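Please read the structure below before turning to the comments.
The values are calculated or read from the model by the stated rules, or taken from the named source; none is laboratory data. Owing to the predicted nature of the structure, the values given are computational and were not obtained by experimental measurement. Backbone-built Cβ (ideal geometry, glycine too); neighbour counts: all protein chains shown. What goes into the accessible areas is simple: the full protein's heavy atoms, side chains included, and nothing from ligands, DNA or RNA. Shrake-Rupley method; radii C 1.70, N 1.55, O 1.52, S 1.80 Å.
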Amino acid sequence: MKKAWWKESVVYQIYPRSFKDSNGDGIGDLRGIIEKLDYLKFLGVDVLWLCPIYKSPNCDNGYDISDYKDIMDEFGTMEDFDELLFEAHKRGLKILMDLVVNHTSDEHIWFINSRKSKDNEYRDYYIWRKGKDGKEPNNWGSSFSGSAWEYDEATDMYYLHCFAKKQPDLNWENEKVRKEVQDIVKWWLDKGIDGFRMDVINMISKDQRFPDGIVPEGGLYGDMSPYVMNGPRVHEYLKELNEKVLSKYDIMTVGETPCVTPEIAIDYVGEDRNELNMVFSFEHMDIDKDVINLTKKPLDLVELKKIMSKWQKGMSDRGWNSLYWNNHDQPRVVSRFGNDTEYWDKSAKMLATCLHMQQGTPYIYQGEEIGMTNVRFQDIEDYRDIAVINGYNEEVIIKGRSHEQYMQYIYDFSRDNARTPMQWDDSDNGGFTTGKPWIKVNPNYTKINVAKQIGDKDSILNYYRRLIKLRKENEIIIYGDFELILPDDKNIFSYTRKLNDEMLLVICNFTSNNAEFSLPDNINYVNKNLLISNYDVANDDNIENFELRAYESRVYLLKV
Ligand code: NOJ
């Protein structure tokens, strides 16, 4: 397998709005990130992915960009960014920017011009269509509720927005748009950044027939996914971007790609494809979500193992995996697949182990390293996410679902679970801000915070540090071949990794009960060494047959 620095790195994702506020306005900012670089160095990560920091009216917290070459007012200035980049590089930390080019803000100058008239030179930067029978051009629903088309009176036409109506989709069919994107990417790379996370990058090519989508049971709109995901020209566009710009720099790229299987993903990340280094897939994130009934399904561990091992196998030797449990769009994993009450500490460590020992580049989302949990705000008014607010309107007000059911759905899945401020210490607002935070702090900040864990060698934080350190010390964790064992066990997630004469044995109990582990007969070894565990375990413990305690995890390095 080809080696690369981005395969050997651990990425830390920062949601700047909620990370650290340096000026007391209640909103995190770039100088706040600078203040915390030493903490990130202490954690041991290599790359920082910054969620969008560009100029934006913030209808979707920066995923609606109005100027790609400027910084959002609340976050600071370009001088602050340059300083951040300099200070990060000084510490050996790389910076990944979030590239959001499926759509812009409706306040971007391109769109302001585009909507003016049909013959404006920017008209074709966006996707305009005539209405049909006095209605939208087709029945597609947007990802943030409502129709995916917005009527614009000035020219009596509709524009497409796969997300909010303030996020019009760019028309990648137009070569000028592609050139603009290349220019933006080059501009940032020339500044010295180290790569990009590319927002919904597999949505940039749309099926130009724009057919109606299938309306799901109980739904109001048609499903656009088959016509906007992995579209007809997406690979052509990415190859062009790669050839013209990306390939000229030593950088890393990761594409956010909903609706991909390993077979589809390999076309984006295959080593011979010259497109991207890796993608974020969603199959393991969709496992417990019932989007029709808006409920949470119990975790089916056998299914989760099947999905994850399919990806491990599907990428090995041909591409590369990204490994994540959390990001700014997902609920907190310790509340989701773990147990955030009685076994908070054990389950957070177990989940980290299960992920970090797999093959791929691990991503840690801010606060995950201290076991931050989901939040339950009583009042819908305390939620900030546009998806929650629009969803409430559609599900409760229009469709008449009960308020209680929707609130439960939010508690389980809202993106705001991940967006409450980072919990630095037990002072007011968790040390995030001296002002009024833009979104409320999770009230458990007095118990869960960085200050409390930093000096405690048994804390979740220090456990993450050890996992990261182990990766640096053991090549097998990076490049070893993955093999799932005990695929049908409903309680234990166990797998091996193999490199030369070494084997890594990873054993994780996903339940709050004891679980019986038996080593498969075909695993033979000469000696064993316990690398890490979330319980006290003696190295000479029998591993052939033993009982794992609640959420126990162990990693052994075997000589075979
Ligand atoms: C995916 C991003 O992760 C999410 O936060 C955003 O709302 C959508 N793309 C639209 O940009």
Of the residues that make up the range 303-317, is at least one in a loop (DSSP other than H, G, I, E, B) and either open to solvent by 10 Å² or more (accessible area, probe 1.4 Å) or at pLDDT below 95 (or both)?
yes
In the range 93-134, anything in a loop (DSSP other than H, G, I, E, B), open to solvent by less than 20 Å² (accessible area, probe 1.4 Å) and within 14 Å of the ligand (Cβ to nearest atom) is listed as V100, V101, N102, T104, S105, H108
Select, from S205, S225, the only residue that is modelled with pLDDT of 95 or more, of a type outside the set (D, E) and out of contact with any Lys or Arg (no Cβ under 6 Å at 6 or more places or on another chain).
S225
Some residue of the range 405-425 being open to solvent by 10 Å² or more (accessible area, probe 1.4 Å), at negative phi, aliphatic (A, V, I, L, M) and touching a residue at least 40 places away in the same chain (Cβ under 8 Å):
no
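Conditions (1) of a type outside the set (D, E, K, R); (2) more than 22 Å from V333 (Cα to Cα); (3) in a loop (DSSP other than H, G, I, E, B), marked per residue:
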{"site": "I389", "(1), (2), (3)": "yes, yes, no"}
{"site": "N393", "(1), (2), (3)": "yes, yes, no"}
{"site": "V396", "(1), (2), (3)": "yes, yes, no"}
{"site": "G400", "(1), (2), (3)": "yes, yes, yes"}
{"site": "Q405", "(1), (2), (3)": "yes, no, no"}
{"site": "Q408", "(1), (2), (3)": "yes, no, no"}
{"site": "N417", "(1), (2), (3)": "yes, no, no"}
Consider only pairs whose beta carbons are under 8 Å apart and that are at least six residues apart or on different chains; among these, list those whose first residue lies in the range 36-52 and is in contact (Cβ under 8 Å) with a residue 12 or more places away in the chain and whose second residue is within 16 Å of the ligand (Cβ to nearest atom) and small (G, A, S).
C51/G62; P52/G62
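A quick yes/no check of all residues on (1) assigned to a loop (DSSP other than H, G, I, E, B); (2) surrounded by fewer than 21 Cβ atoms within 10 Å (Cβ to Cβ):
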residue	(1), (2)
I184	no, yes
F196	no, no
F210	yes, yes
G213	yes, yes
G219	yes, yes
Odd one out for K436 among (1) on the phi > 0 side of the Ramachandran plot; (2) open to solvent by 80 Å² or more (accessible area, probe 1.4 Å); (3) not hydroxyl-bearing (S, T, Y):
(1)
Those residues of the range 45-68 which are open to solvent by 10 Å² or more (accessible area, probe 1.4 Å) and part of a strand (DSSP E or B) amount to K55, D67
Run down Y324, Y343 and say which single residue is farther than 24 Å from K440 by Cα, within 16 Å of the ligand (Cβ to nearest atom) and either at pLDDT below 95 or open to solvent by less than 60 Å² (accessible area, probe 1.4 Å) (or both).
Y324
Can you find, within the range 248-269, the residue that is most open to solvent (accessible area, probe 1.4 Å) among those that are over 20 Å from Y324 (Cβ atoms) and in contact with a helix residue (DSSP H, G or I) (Cβ under 9 Å, 6 or more places away or on another chain)?
K248
Kindly indicate whether any position in the range 545-553 is touching a Lys or Arg at 6+ places or on another chain (Cβ under 9 Å) and among the hydroxyl-bearing types (S, T, Y).
yes
Of the conditions (1) open to solvent by less than 10 Å² (accessible area, probe 1.4 Å); (2) more than 16 Å from the ligand (Cβ to nearest atom), I34 satisfies every one except a single condition; which number is it?
(1)
Checked the range 168-201 for anything within 22 Å of the chain's Cα centre (by Cα), within 16 Å of the ligand (Cβ to nearest atom) and over 20 Å from N120 (Cβ atoms); matches are F196, R197, M198, D199, V200, I201
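Which of the residues belonging to the range 360-382 are part of a loop (DSSP other than H, G, I, E, B) and surrounded by fewer than 23 Cβ atoms within 10 Å (Cβ to Cβ)?
G360, N374, R376, F377, Q378, D379, listed by residue number.
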Residue match in the range 135-145 (condition: open to solvent by 10 Å² or more (accessible area, probe 1.4 Å), small (G, A, S), within 12 Å of the ligand (Cβ to nearest atom) and within 24 Å of the chain's Cα centre (by Cα))
yes
Can you list residue pairs whose Cβ atoms sit under 7 Å apart, with the first residue in the range 144-170 being within 14 Å of E107 (Cα to Cα) and touching a residue at least 60 places away in the same chain (Cβ under 8 Å) and the second being β-branched (V, I, T) and away from the ligand (no atom under 16 Å from the Cβ)? Count only pairs 6 or more apart in sequence or on different chains.
L170/V177
Name the residues in the range 383-398 that are more than 21 Å from the chain's Cα centre (by Cα), open to solvent by 70 Å² or more (accessible area, probe 1.4 Å) and not hydrophobic (A, V, I, L, M, F, W, C), would you?
N393
Given the condition in a helix (DSSP H, G or I), in contact with a Lys or Arg (Cβ under 6 Å, 6 or more places away or on another chain) and not charged (D, E, K, R), answer yes or no: does some residue in the range 270-291 qualify?
no
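Can you list the helices (runs of 4 or more DSSP H) found entirely within the range 443-547 that contain at least 2 residues being under 24 Å from the mean Cα position of the chain (by Cα) and aliphatic (A, V, I, L, M)?
Values: elements: 450-454, 460-473, 475-479.
By residue number, 460-473, 475-479.
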